[in-house]
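*Asks:* Okay, handing you the structure first.
The values are calculated or read from the model by the stated rules, or taken from the named source; none is laboratory data. Keep in mind that what you see is a predicted model, and the values were worked out from it rather than measured. Note that each Cβ is placed from the backbone with ideal geometry, even for glycine, and that neighbours are counted across all protein chains shown. In case anyone asks, the SASA skips ligands and DNA or RNA and just uses the protein heavy atoms, side chains included. Shrake-Rupley method; radii C 1.70, N 1.55, O 1.52, S 1.80 Å.
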Amino acid sequence: MSKQVMSTSCTQARQMLSRRLDGELANEDRRLLDNHLSGCGACWDELAALERDRAVMAALPAPGQPPWLLTRVMAEVRRSGRRSRRWFGLGRAVGAVAAALLVVVGAGAGVFIGTSMARAGQGANGNGDELTVSSAESVAFDVYEAVIGGEQ
Amino acid sequence: MNEDVPDQELVARARAGELDAFEELVRRHQHGLYCFVYRTCGDAASAEEVAQAALVKAWSALAGFRGAASFKTWLYRIGANLAINRRTRGRPTVELDEQLPAPEAGEPETEYRRKQREQAVRQALGRLPADQRTALVLATYEEMSYGEIGETMGKTLRAVDSLLVRARQNLRRLLQPARDTGIV
């Protein structure tokens, strides 16, 4: 085998060693790598070194978990739940007030427009008896009449 | 709560606002998450803070969890992001840089050597770039597949492979002095 081929093959093999260690090599790649390793002491030593490092890492003891973690997390979660419920409640209250204000303002505006139009109608025909503002329907009708009448 | 209930079901119940279901998820995953962030952050104080923040964030973000990955992978992703952000902000890791004190009187030689070895490995791990360290911790301790590591870290399979190759090369270089002196 030429030096160039050997070198390329070693480069490829080194790239595969990590995946072999993690069991992530496809069967075909694994076969190619094992063929290479059987004839290449340097790559075999490299794999052995990687395995040693992994064993040294794996031997580190797992840290002890703080016993209060679950309690603290759930306390924080409950607090955040109460906070969001409080904001949700506040939002609903603000929404209700805003809706009530809209109704009041809308009704006021309707009455104002209706009354204005009724006055305009009175001015137009000089007979106030026929133009009474008794309901939203009649206000709307009066507005329509006044506008259409005004256009004609 | 029944331990046979799968995570998916607990997630669905927690999303509907059932605190007991979320508590069971925390109970199941807190230790794994804590170990993972401890190994990624390098010190207990940071790990406690990150693990707690990750679990609380998981609760608030649960509505956005679509279940494409497992709950564990999703939770570890939150933990990994918090831990990496913390490390890249440059907070010093206390335990990693601690010098091992001289052996105590009467302490067996084997015990002291074990402490030296663990210290050397922790220091070497602590000097890896944050993303290489995270990938290596997930592969070695969590035994995650490259697909799971990719989901946890938001990386492609090729990127995970490359991170692990570089992490192992760097770890080997960083452990060399300890190896030369017979500590490792």
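*Asks:* With charges set only on the Cβ (+1 for Lys and Arg, -1 for Asp and Glu), what does the dipole of segment A:3-59 come to about its Cα centre, in debye to the nearest 20?
*Replies:* Working: 8 positive and 9 negative charges, 23 e Å.
Here the size comes out at about 120 debye.
*Asks:* A follow-up question, please. Per residue, what accessible area does segment B:1-94 have, given a 1.4 Å probe and all protein chains present, in Å²?
*Replies:* On the way: 4360 Å² over 94 residues.
In whole numbers, segment B:1-94 has 46 Å² accessible per residue.
*Asks:* How large is the helix-only mean residue ellipticity at 222 nm for chain B, computed as the sum of -39500 (n - 2.57) over DSSP H runs with n ≥ 4, divided by its residue count, in deg cm²/dmol to the nearest 500? Write out the running numbers ahead of the final one.
*Replies:* Details: 9 runs with 133 residues, N = 184.
Calculated from helices alone, the mean residue ellipticity at 222 nm is -23500 deg cm²/dmol.
*Asks:* Another question, then. Taking the Cβ of B:E18 as the centre, find all other residues whose Cβ is under 11 Å away and add up their charges (Lys, Arg: +1; Asp, Glu: -1).
*Replies:* Details: positive: B:R13, B:R15; negative: B:E9, B:D20, B:E23, B:E24.
Neighbour charge sum, excluding B:E18 itself: -2.
*Asks:* Can you compute the charge dipole magnitude of segment B:1-94 about its Cα centre, using +1 on each Lys and Arg Cβ and -1 on each Asp and Glu Cβ, nothing else charged? Give it in debye, rounded to the nearest 20.
*Replies:* Values: 13 positive and 11 negative charges, 132 e Å.
The dipole of segment B:1-94 has a size of about 640 debye.
*Asks:* Also: How large is the Rg to Rh ratio of chain B when both quantities use alpha carbon positions and Rh follows Kirkwood?
*Replies:* Ratio of gyration radius to Kirkwood radius: 1.04.
*Asks:* Something else: If r is the Cβ-Cβ distance from A:A59 to A:A98 and R0 is 56 Å, what FRET efficiency results, to the nearest 0.05?
*Replies:* Working: r = 64 Å, r/R0 = 1.15.
The calculated FRET efficiency here is 0.30.
*Asks:* Work out the FRET efficiency for B:A68 and A:A75 from their Cβ-Cβ distance, taking R0 = 30 Å, and round it to the nearest 0.05.
*Replies:* Working: r = 30 Å, r/R0 = 1.01.
It comes out at approximately 0.50.
*Asks:* Round to the nearest 10 and report in Å² the accessible area of B:H31, as given by a 1.4 Å probe over the protein chains' heavy atoms.
*Replies:* Result for B:H31: roughly 80 Å² accessible.
*Asks:* Related question: Compute the accessible area of each residue in segment B:142-172 twice, once for its chain alone and once with every protein chain present, using a 1.4 Å probe on heavy atoms, and list those whose area falls by at least 40 Å².
*Replies:* Checking the loss per residue gives B:Y146, B:D161, B:V165, B:R168, B:R172.
*Asks:* Quick one: which bits of segment B:49-90 get at least 20 Å² less accessible when the partner protein chains are in, versus the chain alone, with a 1.4 Å probe?
*Replies:* B:Q52, B:L55, B:V56, B:W59
*Asks:* How far apart, in nanometres, would the label points at B:R113 and A:E28 be if each is projected 7 angstrom from Cα along the Cα-to-Cβ direction?
*Replies:* Label-label distance for B:R113 and A:E28, simple model: 4.8 nm.
*Asks:* Residues with beta-carbon under 13 Å from that of B:A53, excluding B:A53: net charge, scoring Lys, Arg +1 and Asp, Glu -1? Please report the intermediate quantities before stating the final value.
*Replies:* Values: positive: A:R72, B:K57, B:R86; negative: A:E76, B:E48, B:E49.
In short, 0.
*Asks:* While we're looking at this one, here's another question. Note down, for segment A:3-59, the three equivalent ellipsoid semi-axes (square root of 5 times each alpha carbon gyration tensor eigenvalue), biggest first, whole angstrom. Intermediate results must be reported in sequence, preceding the final value.
*Replies:* Working: eigenvalues 83, 37, 14 Å².
After diagonalising the Cα gyration tensor, the semi-axes are 20, 14, 8 Å.
*Asks:* Oh, and also: Considering only the other residues whose Cβ falls under 15 Å of the Cβ of B:M144, what net charge follows from Lys and Arg at +1 and Asp and Glu at -1? Walk me through the intermediate numbers first.
*Replies:* Values: positive: A:R19, A:R54, B:R39, B:K72, B:R77, B:R133, B:K155; negative: A:D22, A:E24, B:D131, B:E142, B:E143, B:E148, B:E151, B:D161.
Net local charge, B:M144 excluded: -1.
*Asks:* With a 1.4 Å probe and all protein chains left in place, how much of the accessible area of segment A:3-59 comes from carbon and sulfur atoms, in whole percent?
*Replies:* Working: 1640 of 3290 Å².
On segment A:3-59, the fraction of accessible area on carbon and sulfur atoms equals 50 percent.
*Asks:* Same structure, new question: For peptide A:49-55, compute the average count of partner chain beta-carbon atoms within 10 Å of each residue's beta-carbon.
*Replies:* Working: counts 4, 5, 0, 4, 11, 5, 1.
For peptide A:49-55, the averaged partner shielding equals 4.
*Asks:* Relative contact order for chain B: what percent, with Cα pairs under 8 Å and sequence separation of 6 or more?
*Replies:* On the way: 171 pairs, mean separation 39.1, N = 184.
Taking the mean separation of contacting Cα pairs over the length of chain B, I get 21 percent.
*Asks:* For the pair B and A, how large is the buried accessible area, both sides, in square angstrom to the nearest 100, if the probe is 1.4 Å? Mind showing how you got there, number by number?
*Replies:* Working: alone 10520 and 11910 Å², together 19070 Å².
Looking at B and A, the buried total is near 3400 Å².
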